[in-house]
1. Ordered by residue, what ³J(HN,Hα) values in Hz, to whole numbers, does the range 623-628 give under the Karplus form 6.51 cos²θ - 1.76 cosθ + 1.60, where θ = phi - 60° and Gly and Pro are x?
2. Of Tyr697, Tyr715, Tyr466, which has the most accessible area and how do the rest follow, probe 1.4 Å?
3. With all protein chains present, how much of the accessible area of the chain (probe radius 1.4 Å) comes from carbon and sulfur, to the nearest whole percent?
4. What is the packing order of peptides 170-180, 447-457, taking the mean over residues of other C-beta atoms within 10 Å and listing the highest first?
5. Would you mind working out the accessible area per residue for the chain, using a 1.4 Å probe, and quoting it in Å²?
6. In percent, how large is the relative contact order of the range 166-269, given Cα pairs closer than 8 Å and 6 or more residues apart?
7. What pairs from Lys459/Lys656; Lys211/Lys302; Lys94/Lys121 go past 19 Å between their alpha carbons?
8. Sorted by packing (mean other beta-carbon atoms within 10 Å per residue), highest first, where do 298-304, 112-118 land?
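The values are calculated or read from the model by the stated rules, or taken from the named source; none is laboratory data. Since we're looking at a predicted model, the values are computed, not measured. Neighbour counts run over all protein chains shown; Cβ positions are idealised from the backbone, glycine included. Note: accessible area is taken over every heavy atom of the protein model, side chains too, but ligands, DNA and RNA are not part of it. Shrake-Rupley method; radii C 1.70, N 1.55, O 1.52, S 1.80 Å.
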Amino acid sequence: MDSPSISMVDVSAWLAASAVDLDEGVLALDEAGTILLCNEGMNRIFGLRSSPLGLPFAEAFGREGRLGGCYSESFFDAVTGKNTGAVPDIRLEKPAGPESYGLVMLRAPVGGGRLTVCLVKRAVGLPPGGSPAGSTRGEEERGEEKLHTQIAELVRANAQLRMLNAERSAVTQTLRRAESRYRDIVDNAMEGFFQWTPNWRLLLANRAFAKILGYDTVNELMRSAGDVSFHFSLSPEAGQTLMDELERKEHIIGYEFQVARRDGVVLWASMSARRVTGPGGRTKYYEAFIENISGRRIAEEKLTYQAFHDHLTGLANRALFRDRLGMALRRTARQPECRFAVLTLDLDRFKQVNENFGHSAGDEVLCHVAVSLLSCVRDTDTVARLGEDEFAVFLEETESNSFAFRVSRRIQAALERPFLVKGREIGVSASIGIVLNAEKYESAEDILRDAGIALNRAKTDRGICYKVFTQKMRMAMQGGIVFETELRQGLNSQEFRMNYQPIVRMEDGGLFGFEALLRWHHNGKVISPSRFIPVAEDSGLIRKLGLFAIECVCRQLVEWQQRHAVSFVTHLNISARQLVFPGFPKDVRRIIDRAGVDPSLLVFEITESALLEQSEACLRGIQQIYELGVRFCLDDFGTGFSSLSYLRQLPLSCMKVDRSFVTDVETNSQSLIIVRNLVGLGRELGLSVVVEGVERYSQVQALLDVGCSLGQGYYFSPPLPPREAEKLL
Ligand code: C2E
Ligand code: CA
Ligand code: CA
């Protein structure tokens, strides 16, 4: 801090300001005789060629004065002497002749030293350049009086200076108090405050800053941490980045970075700093407020973790998985040789685990699955839980497709190994959908979508552990999606019609009955049931569609009966999904009653493979409908998993030998043997046997040879619209 008193420089500056316009010369010297002030009047009187400021008095005004001005011995003696007061006669030799001047001098204590102020004035009453010898006594006295007045003025000025001095020190006191108040605020601030130099030397710090860095007091910090680079340069870049930023921006706000505490613990800090500059814009030091934000950071990190992880298993969640895939896709843009694969998994029958053992057991199973999955992949791969029992694996850098298959098999094996849940041994299995060459995709969403499609395929194809996605699957799937809504609309706007394909007695070609087959007339096209029935089954629309088909057939039979007084059995395809709807038998009964049809004319065709899926409920439905008088036929016989025990459990009256055995029955002896055996089996069980897909006369002959009597196929007739079928009656 500066001294509170007024300095020589201050006074001379003040004097200079008031002496600029004076005719008189004003000169001020400090105690050592250095010239602090020399006004224009002085320069004029002495004819100085340049400013004497800062020079010793003798150099400017002595006999060999450097500035080439006039020399006056009396002036030199008076100023260098100790006296104060007036010197009435100093003579200057000038080119135009000698001139007389008066001098008034004041010596005053200022700022701990002594200030000499001189006022040089042309002598009163003397003509410029004239001799004082001609002046009268009275004139001299008046001149002296004037000088006294001027001295008095200077004394007054001196007094004013003292007042100014006092005022200054009062201001300084106030400033000091303010500064100490601010220092208190900084010292006690909750935020850390510190100043440091570009080479990390600590200049100043407050208590909070010391505490952040793990010191008990500021003094302790200053003693042991003169250099704070240790705390701020956890990574060499971190500290340097901060400095670079400050050099570039003057100040930075909320700069978050890691700080090492004295004991080595790493904290997160937020800092607002500025660069303090000196003359020429050079950095003097930096100062900053700093806050320990580790708590906030930990909370943030926890939230981020929660946002990207599954809370139950701790695996990545869908968002993180998508993010990882996105990153990998961006990376392959740079490294096209990088290949990766994505697997999605869905546990088989997980619902049953939940239902039979409770949800906490279900949770245990999911956690077990998570651990198993992690054990099957490398550290660089990502395992995620996407939904309830849906998982995904992202295999990075898969060198070959077989790697993805190997992992899939490893996963299957790991899951099937039984483990204990609530004291019981459980083993799970999963269906897996695989997307190979996932790096060819544009977005993570697309990969997941296709992996899902492949997964669905794996799920529907029983006994298959994994399925690789193909473009064909997507096309079929997309078709399916359009279908479902259109199917719904088609049902409401009566786009469905029933066709009837004759079932013929093969020995004479006589009509035995019909099989009713649905047709969908949609957008000018006729769509086959093999395309829309599976969609109707999956969407649940089969219930409504199935009832519509039964109603249609019943009405048709009654109509034909009324018109032609003949009645024929009519086969109708029933999906196993229809049979499990609890109200189905009642609905059938209502339709039969309302139409007034003889139920024994109706034969419901069911397939054995469909029955396998939902046996219990199906069997119950079949039994109830059988009790209404409706008969049953086993369709596509020979294609399912064929457990003969079913044939005994079901109240069957008929079975249909699948078309696949008929196709080459006349040329392939194997097919012929099978057909012969199937016919024999049917006959033994007391069932009538129908062979389907008869297209050629040669087939008819071969079939008749092995004892088939009833046939159906294009050879006899394709499925016909009612009006055409009616002609056969
Ligand atoms: P399906 O029960 O096996 O029906 C026989 C299928 O073979 C029919 O196909 C029929 O048109 C076709 N077909 C008949 N004779 C020949 C032939 O000589 N050669 C060849 N290659 N095919 C022949 P469609 O009508 O396309 O029906 C396909 C499947 O859709 C049916 O197979 C049946 O499972 C199902 N379906 C048809 N209508 C219904 C229905 O109303 N409800 C239910 N749930 N399913 C139905
Ligand atoms: Ca059928
Ligand atoms: Ca069939």
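1. Whole-Hz 3J(HN,Hα) from phi for the range 623-628: 4, 5, 6, 4, 5, 6.
2. Values: Tyr697 125, Tyr715 95, Tyr466 55 Å².
Putting Tyr697, Tyr715, Tyr466 in descending order of accessible area: Tyr697, Tyr715, Tyr466.
3. Details: 19500 of 38080 Å².
Carbon with sulfur: 51 percent of the solvent-accessible area.
4. On the way: 170-180: 11.3, 447-457: 22.4.
Sorting 170-180, 447-457 by mean packing, highest first, produces 447-457, 170-180.
5. 52
6. Normalised by residue count, the contact order of the range 166-269 is 17 percent.
7. Correct reply: Lys459/Lys656; Lys211/Lys302.
8. Numbers: 298-304: 10.9, 112-118: 18.3.
Final packing ranking: 112-118, 298-304.
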